[in-house]
Amino acid sequence: MPVVTSLPLTSTEVVTDPYPLFAQARMQAPVQWHEGLGMWLTFTHAAANSVLRARTLGRIWTPRWPDEPMPAFALIHVHSLLESEPPQHTRLRRLVAGAFARGHVERLRPQIAQLANRLADRVADEGSDGSVVDLISSYAGPLPVQVIAELLGVPGSDWHLLRPWSNAIVKMYEYDVSAAQKAAAEQAAREFVAYLRDLVAVRRRAPEQDLISSLIAEVDSDGARLTEDELVTTCTLLLNAGHEATVNVVGNGVTALLTHPEQLELLRSAADLLDPAVEELIRYDSPLQLFERTAVADTAIGEVAVEPGQKIAALLGAANRDPAVFAEPDSFRVDRMDNPHLGFGAGIHFCVGAPLARVELQSSVRTLLARFPNLALHRPPVRRPEFVIRGVTSLPVTI
């Protein structure tokens, strides 16, 4: 008999701190049916890992509101690497990975450090007289947008357009969406698609050393290239996933560091802990809490049989706090070395931008530690009101 959960994922209690509730649910069963969402949820690392890797579970995109046409929003999902399965996914991933392999991450490494220092200059100016600085709006928020803009080749004069588009689009991945949010997401998708089509046209005529030019030039072994819709969709995915994940890891992670002063001091005293510390930031308070898949054939996840057409979601935050995998999972430890977190996913949908995200996060944290030895939390951060994408909207600090 399956265990049924009524865990209110959109409630203030869960949004504020889901981890104690995940722990309670985990003791009942690793996989449970959620009647309200009409899907299975996983609460253990093993079950989530199985969901991410099972080839009989797919990412099958269908409109959530079929009676409310959202053509631009649909376009950036129908052709998405994240929303496809083999053989389409295999072709798209090979082409995108091939373009990434042209050295873009290493090309951007010094630029990311420069961007981080430039934003740190802004923080220093704003807080020089003891004023409170919002680390999200002044530092964590702009940095990943600027990095993605540099990656794609978006001119600096247009950088301000990207973050509002991303913020509007990702609201659609939550489970409580208003009519106004739907309209805003469709408008953002329409504007972003039109902008990218123009930019692709420019790069076709005059290629530069950016990812869009590499994506245009990439040719598969059979001579296939990305279509324009696939190019546009890939760029949209890179902005949405790259920006949201990085800003929320920095926001959640700096909050964790400032509320665990002994761990902050340990990290300051040992430069070689930066890499494991970044992995711990991702694990401890995961920026993406849930990843859905749909069964295309009977699939056993633990003792549960997922039937064709049924959805099952890996709760990544629950997986990353599983005591069967992580010693003292609710402890924040920057020197945690055995850390097989699922923050970047697993299987064929493992995040293609993970190497870039790690460089951004390492540079972000390194710069903050070096520039602001007296960094301190002024008051508790303001948490985002959503569950799926977990982060803070404001992080008031003094320097």
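The values are calculated or read from the model by the stated rules, or taken from the named source; none is laboratory data. Here the structure is a predicted model, which is why all the values come from computation and not from measurement. Don't worry about glycine lacking a Cβ; one is built from the backbone with ideal geometry, like all the others, and counts go over all protein chains shown. We work out accessible area using only protein heavy atoms, side chains counted, and drop any ligands, DNA or RNA first. Shrake-Rupley method; radii C 1.70, N 1.55, O 1.52, S 1.80 Å.
Points worth noting:
- Based on every Cα atom in segment 186-319, Rg and the maximum pairwise Cα distance Dmax equal 20.9, 56 Å.
- For the chain, hydrophobic long helices are taken as DSSP H runs at least 27 Å long by C-alpha position along their axis with mean Kyte-Doolittle hydropathy of -1.0 or more; these are 104-127, 179-205, 228-258.
- With only Cα atoms counted, the chain has Rg and Dmax values of 20.8, 63 Å.
- Dividing the summed -39500 (n - 2.57) terms of all DSSP H runs of n ≥ 4 by the residue count of the chain sets its mean residue ellipticity at 222 nm at -16000 deg cm²/dmol.
- Accessible surface computed residue by residue for segment 182-324, with neighbouring protein chains in place and a 1.4 Å probe, gives 37 Å² per residue.
- Segment 135-177 versus segment 320-399: alpha-carbon centroid distance in Å: 18
- Which of 20, 31, 111, positive extreme of dipole for the chain (C-beta unit charges): 111
- Dipole magnitude of segment 246-399 about its Cα centre (Cβ charges: Lys, Arg +1; Asp, Glu -1), debye to nearest 20: 640
- Ranked by the mean number of other Cβ atoms within 10 Å of their residues, highest first, the peptides 195-203, 262-270, 39-47, 132-140 fall in the order 39-47, 132-140, 195-203, 262-270.
- Sequence-distant residues sharing a close amide H with residue 290 (under 5 Å, placed H): 316
- Normalised by the number of residues in the chain, the mean separation of alpha-carbon contacts (under 8 Å, six or more apart) gives a relative contact order of 26 percent.
- Portion, in percent, of the accessible area of the chain that falls on carbon or sulfur, probe 1.4 Å: 56
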